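**Student:** Could you have a look at this structure, given as structure tokens, before my questions?
The values are calculated or read from the model by the stated rules, or taken from the named source; none is laboratory data. Since the model is a prediction, treat every value here as computed from it, not as a measurement. All Cβ positions, glycine included, derive from the backbone under ideal geometry; neighbour counts span all protein chains shown.
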């Protein structure tokens with residue numbers, strides 16, 4: 001998946017199935033708290049821009065939920081997602097965005113980092129999201 005963000009070009013490959021499972025397991029409690037917002041993602045439907053625009057509108061709420069998560073869980077989501085992303089450099093090469101638990105570009109701020117990770121999540125487990133309930137069920 002290729003995308004642009006803040007004037008930079010990014011490319012993300014798919015997470016392997018075990019990384020997808022790991023990320024999904026850590027995200028499920030978060031997703032349960034934003035079930036109504038998932039409906040917005042579903043209504044955006046399709047591939048590409050509309051789905052990502054919908055994601056960007058709910059990203060601040062997701063950021064608040066992530067702030068309440070233990071650091072181990074946050075890292076279990078962010079590290080695999082960021083590790084599959086490269087960025088086009090001025091020389092035209094593709095360089096990793098994240099290596100050895102560190103961001104490789106100083107201009108990537110918190111919102112940009114979460115947006116990148118969010119795009120990877122949608123690309124990797126977005127097909128799983130439509131199977132989730134669109135409203136909370138009493139007693140669960």
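**Student:** Would you confirm, using the coordinates I've provided, whether residue 108 is surrounded by 12 or more Cβ atoms within 10 Å (Cβ to Cβ) and modelled with pLDDT of 95 or more?
**Tutor:** The answer is yes for residue 108.
**Student:** Step by step: first the residues of region 10-24, then only those that are touching a residue at least 40 places away in the same chain (Cβ under 8 Å) and exposed (fewer than 14 other Cβ atoms within 10 Å of the Cβ), then the one that is nearest to residue 103 (Cα to Cα). Which residue is that?
**Tutor:** Filtering region 10-24 for residues that are touching a residue at least 40 places away in the same chain (Cβ under 8 Å) and exposed (fewer than 14 other Cβ atoms within 10 Å of the Cβ), the one nearest to residue 103 (Cα to Cα) comes out as 13.
**Student:** In addition: So, in region 64-103, exactly how many residues are in contact (Cβ under 8 Å) with a residue 24 or more places away in the chain, touching a strand residue (DSSP E or B) at 6+ places or on another chain (Cβ under 6 Å) and assigned to a helix (DSSP H, G or I)?
**Tutor:** 1
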